Amino acid sequence: MQPSSLIPSIRYQNFEPCFCMDGEGELPGSQLTSSAQIEEANLHRTALNFLTLGIPLLIKAISMIWQGIVHREKTGPIFRARFNKKILNTEDQSQLAKYQRVCELPFRPLKKVEQEKAYQLINQITAACQLSLKEDKFIEAKICENKLKALHTLLEKNGRYKTTRADFDEEDWKILDCINFEILSEQLETVNSVFNADWFKNPQALVSLKTNFGFDYDEAALAEFLSFDLPYIEGLDGKKIMLPIKDKINGGNRLVLYTIKANRLGDALPCYVLESSDPDAHPWLAIRGTQHYTKLSGQGKEMRVASKESVYADFIDEKCLSRRPINQALVTRPIYKEGDKLVQRESLGDIFRRWREEKKTAILCGHSWAATTVNTLSVEFDAQVEHVYGFNPAGGSQETYAAWKLLVQDEFGNIPLIDKKRTNFLVEGEPVPASGDQLIGTLLAVTDLESEYRDIAGVPEKQKGFTATHNRRHLRRDFQLQMVDRIKENSKFARVFCERLRGIIGKILKCLSIVFSRDVLPDWHRKHKFFLEVASHYRHIRELFFVSAGTIG
């Protein structure tokens, strides 16, 4: 169904499915098969499998498990959005291309956009160096020369055969972090321009998304930027960044200045708190997902902060995913260096308590393990959460699911499909959401339309596949959304299989760490009983003074 008010730049299919049977939305041109035909076909296949000594049966069983892992159980109508570039002028097409840049593999050397920014910086610093020499400012000129040398070294490493990001040393990473922050800042300005462009605005489509799926497209797309980019950049403590927010007076969006404060979960799992003095600007909390940069630098440190700990959080916390790091973060106050002084920051519990006192509600976002964590935090601090955007989350624990159920169920105990505070995007072909005990919130299956015809800029053919799917952006491409049947998804056998496998891997990692390097196990694991006791005391005190969402420790 195409609305009469449709602006040609964005074409979409409205929420009435092209064909509907048993509540399942069907794609145009698809062929429906009756349940009797399916049962008959399965019967013949099973008999054939037994006749061939069970090997095809084993293959089929493995195939069924894999299909259950990577495909979601969907229900209801379909929403499609396509960006039509043909009607746009050259400037608008360029702007849209910047907006739609995909998230590429994190372990690769410099991406194309990073290389472009590096060359831009070389030109700018070269000009500044020449100006300093003309004005006899030799100290400034020497600083510029050192920056140029570092940039050239980085580009030289990037050009070497088989170089990966694990080959970068600490100085290389500092430069790359600066480059990526510059890129992110420019992209966010592009986001604001796109959101305010006449060709982009299609109120009927955006209102339909809000009504039928419970989220604002603008906010979700911004959360996608912050989930995939910001938490993976280091050295941002105290820096400023401009984010688009809704302009309640003039309509559209406007840029607001935010200050970035570094914080952490567990011993060192990075997260950033973004706050603004603007009364209309919600705070943001962006948490880093799992990383696997484990190569050591010359100083004996990991290339990325807490990369090994993030793997532990994903695996050895096998019985209550993300709960143990949260228990520690609720009560411990991390120490950071500010200038020449060491300053003790607020704990995560302090931050949420302050937001309650200031009558603020925050937007939480994250990808992969971080998406699971922000969902869990949103149940812990429901009153201080405006919205949660999770991208490819794993399921949480049974305790988290029970606490969330109490928050959202109606008077008859029914759980709605749409959770007004939690929106989780589950990418088709993505195994991560199949682990964990129970998925919570609004669950939306995302399909990248025409992905088989679209190349990922700068990603070699051999590096496409699962990792590329896991890190690719979708809400800024041509995409399709459909509601996930939460009951069916949570009851799949593949979920039990994945969770058991995760637990086995976690036990192996734990045993290896205890035998070979016990000291690298994070405190939230080695002292989990202590942190659970202290966090439980904190929750009890909190409940004495204000209404809490419940205890899920």
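Per residue, the average separation of C-alpha pairs within less than 8 Å and at least 6 apart gives the stretch 370-447 a relative contact order of 36 percent. What the Cβ-Cβ distance of K248 and I59 gives, at R0 = 56 Å and to the nearest 0.05, is a FRET efficiency of 0.45. Our estimate of slack between E182 and Q120, defined as 0.36 nm per intervening residue step minus the Cα-Cα distance, is 21.2 nm. Taking every C-alpha pair closer than 8 Å and separated by at least 6 residues, the mean separation divided by the residue count of the stretch 181-286 gives a relative contact order of 22 percent.
Once you order the gyration tensor axes a ≥ b ≥ c over the Cα atoms, which shape class does the stretch 155-311 get: rounded for a/c under 1.5, otherwise prolate or oblate by comparing a/b with b/c? Prolate, since a/c reaches 1.5 and a/b exceeds b/c.
If you rank V374, V343 by how much accessible surface each has, with a 1.4 Å probe, what is the order from largest down?
On the way: V374 0, V343 45 Å².
Result of the area sort, largest leading: V343, V374.
Note on the stretch 496-542: percent of Cα-Cα distances in each 5 Å bin, starting at 0 and stopping at the bin with the largest distance, equals 5, 19, 16, 17, 16, 14, 9, 4, 0. Diffusion coefficient (Stokes-Einstein, Kirkwood radius over C-alpha pairs, 37 °C, 0.692 mPa s) for the stretch 108-173: 257 µm²/s, rounded to a whole number.
In the full protein context, the stretch 344-405 carries 26 Å² of accessible surface per residue, based on a 1.4 Å probe and ignoring ligands, DNA and RNA.
Mean separation of Cα pairs under 8 Å and 6+ residues apart, divided by the residue count of the stretch 335-397: what relative contact order is that in percent?
Values: 78 pairs, mean separation 19.1, N = 63.
Reported relative contact order: 30 percent.
Under the rule a/c < 1.5 gives rounded, and otherwise a/b versus b/c splits prolate from oblate, where does the stretch 341-437 land using the Cα gyration tensor? It would help to have the intermediate numbers written out before the result.
Values: a/c = 2.14, a/b = 1.32, b/c = 1.62.
Oblate is the answer for the stretch 341-437, as a/c is 1.5 or above yet b/c matches or exceeds a/b.
Among 388-394, 523-529, what's the highest-first ranking by average C-beta atoms within 10 angstrom per residue?
Details: 388-394: 29.4, 523-529: 17.3.
The peptides rank, most packed first, as 388-394, 523-529.
Would you mind pulling out the separation of the Cα centroids of the stretch 116-131 and the stretch 480-514, in Å? The distance from the Cα centre of the stretch 116-131 to that of the stretch 480-514 comes to 48 Å. Remark: the E386-Y161 segment gains 76.3 nm on full extension, using 0.36 nm per residue and subtracting the alpha carbon distance. For the stretch 324-402 and the stretch 259-275, what is the centre-to-centre distance using only Cα atoms, to the nearest Å? What the calculation gives is 9 Å, centre to centre. With all protein chains in place and a 1.4 Å probe, the accessible surface of the stretch 309-393 carries 47 percent carbon and sulfur. Under conditions of 25 °C and 0.890 mPa s, the stretch 126-210 yields 147 µm² s⁻¹ as its translational diffusion coefficient, taking Rh as the Kirkwood radius over Cα pairs in the Stokes-Einstein equation.
Overall shape of the stretch 201-258 was characterised from the C-alpha gyration tensor. The equivalent ellipsoid obtained from it has semi-axes of 26, 16, 7 Å, in decreasing order.
Once both labels are positioned 7 Å from their Cα atoms along Cα-to-Cβ, the gap between K529 and L512 label points is 2.7 nm. Does the stretch 143-191 classify as rounded, prolate or oblate by the C-alpha gyration tensor (a ≥ b ≥ c root eigenvalues; a/c under 1.5 gives rounded; else a/b over b/c gives prolate, otherwise oblate)? Here the stretch 143-191 falls in the oblate category. From most to least packed by mean Cβ count within 10 Å, the peptides 328-340, 477-489 give 477-489, 328-340. Each peptide in 399-408, 194-203 was scored by the mean count of other Cβ atoms within 10 Å over its residues; highest first, the order is 399-408, 194-203.
Sorting E234, E170 on solvent-accessible area from highest to lowest, probe radius 1.4 Å, gives E170, E234.
The values are calculated or read from the model by the stated rules, or taken from the named source; none is laboratory data. All values reported here derive from a predicted model rather than from experimental measurement. All Cβ positions, glycine included, derive from the backbone under ideal geometry; neighbour counts span all protein chains shown. When the accessible area is computed, the model is the full protein with side chains, heavy atoms only, and any ligands, DNA or RNA have been set aside. Shrake-Rupley method; radii C 1.70, N 1.55, O 1.52, S 1.80 Å.
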